[in-house]
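This report refers to the structure that appears directly beneath it.
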Amino acid sequence: MRYKGIIFDLDGVICHTDHYHYLAWKQLADKIGVYFDETINNRLRGVSRMDSLEIILERWTGEPLSGEEKEQLADEKNTIYKELLKQMSPKDLSPEVKETLEHLRTRGLQLAIGSSSRNARFILGQIGLGDFFDAISDGNNITKSKPHPEVFLMAADYLKLKPSDCLVVEDAKAGIDAAKAAGMDSAAIGDAFGYSQATYNLFTFSKLIQICSAQ
Ligand code: BG6
Ligand code: MG
């Protein structure tokens, strides 16, 4: 097989938490009087919590905020977000994603998560995939956000695979760029579909089976 491992982004690939991110940031932005909409929310895809806050604060017109104040705002957003995540259940894992993952596993592929989120393990638990993946590289083990390749390089390292043996599946252009910087092929889905830097485009998740079957 062309690959030995697949590294999946979480939000927007395995499940959909983007609307919860939006609702939580919107609540915070409204509270501090900063304009925020779905278009700005799209720029937060794959971006770390603190970098997301910086994007939201581009429209902040008050006195400059200290690092501590920014940490407080990010914590406040995360509290709202985590409360919303409690609504998630195994019903938020589509049958197509579940069956494709199981199929890829039976083909002997190593499967990992490569997510910027510090809530990745919590989300995986909510959707019933708490023990499924062979490795999880997430926002807790990295210092640099996508498009930096760190999160994927760590995932390959956890799987004990060479980057060139791994395929990344991503819905964020920043994630496709990160895969390229890591020396990995990538498959773009959702928001990243059609992005020129991707190796493949996934019209639908199950297409991964074909990609991985090719020599
Ligand atoms: C990524 C999301 O998976 O995680 C981003 O695409 C988000 O939108 C980032 O900002 C960080 O998430 P968390 O859960 O650590 O706040
Ligand atoms: Mg994503």
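Bear in mind these aren't lab numbers, they're just calculated from the coordinates by the rules spelled out. These figures come from a predicted structure and were not determined experimentally. Cβ placement follows ideal geometry from the backbone for every residue including glycine, while neighbour counts extend to all protein chains displayed.
With 21 Å as the limit, the listed pairs 4/98; 146/207; 31/70 have 146/207 beyond it between alpha carbons.
In segment 7-50, the inverse of the mean reciprocal separation of distinct Cα atoms equals 11.2 Å; this is its Kirkwood hydrodynamic radius. The radius of gyration of the Cα set in segment 137-215, together with its Dmax, comes out at 12.1, 35 angstrom.
Equivalent ellipsoid of segment 18-85: semi-axes from √(5λ) of the C-alpha gyration tensor, largest first, are 17, 13, 11 Å. For every helix of n ≥ 4 consecutive DSSP H residues, a contribution of -39,500 (n - 2.57) applies; sum these over the chain, divide by its total residues, and give [θ] at 222 nm rounded to the nearest 500 deg cm²/dmol. Value at 222 nm, helices only: -12500 deg cm²/dmol.
Taking the centroid of alpha carbons for each part, segment 116-160 and segment 12-79 are 21 Å apart. In sequence order, segment 109-114 has phi-based couplings of 7, 7, 10, 9, 9, x Hz under the Karplus curve 6.51 cos²θ - 1.76 cosθ + 1.60, θ = phi - 60°, and Gly or Pro positions carry x. Note on the chain: with charges restricted to the Cβ of Lys and Arg (+1) and Asp and Glu (-1), its dipole about the Cα centre is near 620 debye. Across all C-alpha atoms in the chain, the radius of gyration and Dmax reach 17.2, 58 Å. Per-peptide packing, taken as the mean over residues of other Cβ atoms within 10 Å, places 67-73, 107-113, 194-200, 153-159 in the sequence 153-159, 107-113, 194-200, 67-73 from highest down.
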